[in-house]
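J.: Can you keep this structure in mind? I'll have questions shortly.
Any read-out appearing in this document is the output of simple, stated calculations on the displayed coordinates, not a laboratory observation. Just so you know, these numbers come straight off a predicted model, no measurement behind them. Reconstructed Cβ throughout: ideal geometry from the backbone, glycine too, with neighbour counts over all protein chains shown.
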Amino acid sequence: MDIRHKIAKQSRAGLFLIACLAAPAVHADVKLPALISDHMVLQTDAEVPIWGWANPGESIAVSLGQANANTTADQNGKWQVRLPKMPVGGPYTLEVKGSNTLVVNDVLVG
């Protein structure tokens, strides 16, 4: 390999490193499991577990009707809240807020 090829190879590696360092931090959206979706029915008079994934350390706020809960994603990005017992009713909207907002519509409690 002659000197021109070595210089070109080192230049490409340097440019790649600069591009990686200059890129914004990777950002993962808050996510829910497929089980938590529009038209779901939750059990009445039982605590309601809601869980998902986000960036490690990210603050998560969950609301369903008048019920609210907050938590922080653990070091693996997992999080879970338990909403208080709810009477029969709905339809409600479940909202999960972190770096993004997820909305689950037409949630019934029965």
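J.: Starting from the amide H of residue 92, placed 1.01 Å from N in the peptide plane, find each other amide H under 5 Å away whose residue is 5 or more places distant or on another chain.
T.: 106, 107, 108
J.: Stretched out fully, how many nm does the piece from residue 68 to residue 102 gain, at 0.36 nm a residue minus the Cα gap?
T.: The residue 68-residue 102 span can extend by a further 10.8 nm.
J.: Excluding residue 61 itself, calculate the net charge of residues whose Cβ lies under 13 Å from the Cβ of residue 61, where each Lys or Arg counts +1 and each Asp or Glu counts -1.
T.: With Lys, Arg at +1 and Asp, Glu at -1, the net is -1.
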